[in-house]
Amino acid sequence: MRRNFLKLMAGGSALAVLAACGGAPSKFRSYNGPPVTMIQVDKRGRRMHLLSGNRALKSYNIGLGFAPVGHKYYEGDGKTPEGMYYIDRRNPNSMYHLSLGISYPNEQDRARALAMGRDPGRDIFIHGQGPEGRAATRRDWTVGCIAVTDAEMEEIYSMIGEGTPIYIGP
């Protein structure tokens, strides 16, 4: 038996063995296309575009915070921030499948919230549906994040690196 297993492995059929053992497909994809140089979000149109230079590589329908109109001013307002930010972290263990952190709040966001006597909030992400699958049942349900389906998030996660600029427009 061991000898047959070793022959099978040597023959390049390791994936077949793993599949036969019930191995789950990975949520991590590879991407070999043009680099994504910018993410553009159109809140009003509920669309996100991944750009390479001036060319849109992919576009997605998105969900936003539960009160999406206007810029995010403080924690709990349900708004998705507006302005220029960048992807500042990648979370492969997100409770929302996979997620990419957005650099909110910046200095202006903190100053604005402080002037209002409020906390600006933090932990704004592009992420998947999460355990409840809410993106499939309700459009704007996050606390300020940008939501896509889990399958879309797998694709996006493979294409975006830390430092990628993201412009979130009204």
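The values are calculated or read from the model by the stated rules, or taken from the named source; none is laboratory data. What you see is a predicted model, and the numbers here were worked out from it, not measured in a lab. Every residue, glycine among them, receives a Cβ derived from its backbone with ideal geometry; neighbour counts consider all protein chains shown. These area figures cover heavy atoms from the full protein model, side chains too; ligands, DNA and RNA do not enter into them. Shrake-Rupley method; radii C 1.70, N 1.55, O 1.52, S 1.80 Å.
Quick test of your reading of the structure: residue 79 fulfils all but one of (1) within 13 Å of the chain's Cα centre (by Cα); (2) of a type in the set (D, E, K, R); (3) under 22 Å from residue 44 (Cα atoms). Name the failing condition by number.
(1)
Can you pull out the residues in the stretch 92-122 that are on the phi > 0 side of the Ramachandran plot and either touching a residue at least 60 places away in the same chain (Cβ under 8 Å) or open to solvent by less than 60 Å² (accessible area, probe 1.4 Å) (or both)?
97, 121
Tell me which residues, restricted to the stretch 105-122, are in a loop (DSSP other than H, G, I, E, B) and not acidic (Asp, Glu).
Kept after step one, since they are in a loop (DSSP other than H, G, I, E, B), are these residues of the stretch 105-122: 105-106, 116-122.
The answer is 105, 106, 116, 117, 118, 120, 121, 122.
Restricting to the stretch 50-77, name every residue that is touching a Phe, Trp or Tyr at 6+ places or on another chain (Cβ under 8 Å) and either open to solvent by 50 Å² or more (accessible area, probe 1.4 Å) or under 20 Å from residue 131 (Cα atoms) (or both).
63, 66
Could you tell me which residue of the stretch 134-153 is modelled with the highest pLDDT, considering only residues that are open to solvent by 20 Å² or more (accessible area, probe 1.4 Å) and of a type in the set (Gly, Ala, Ser)?
Here the residue is 151.
Condition test on residue 81, is it modelled with pLDDT of 90 or more, assigned to a loop (DSSP other than H, G, I, E, B) and more than 15 Å from residue 50 (Cβ to Cβ)?
Details: modelled with pLDDT of 90 or more: yes; assigned to a loop (DSSP other than H, G, I, E, B): yes; more than 15 Å from residue 50 (Cβ to Cβ): yes.
For residue 81, the condition - modelled with pLDDT of 90 or more, assigned to a loop (DSSP other than H, G, I, E, B) and more than 15 Å from residue 50 (Cβ to Cβ) - is met.
Could you pull out the residue among 87, 156 that is of a type in the set (A, V, I, L, M), outside any strand (DSSP E or B) and modelled with pLDDT of 95 or more?
Unique residue meeting the criteria: 156.
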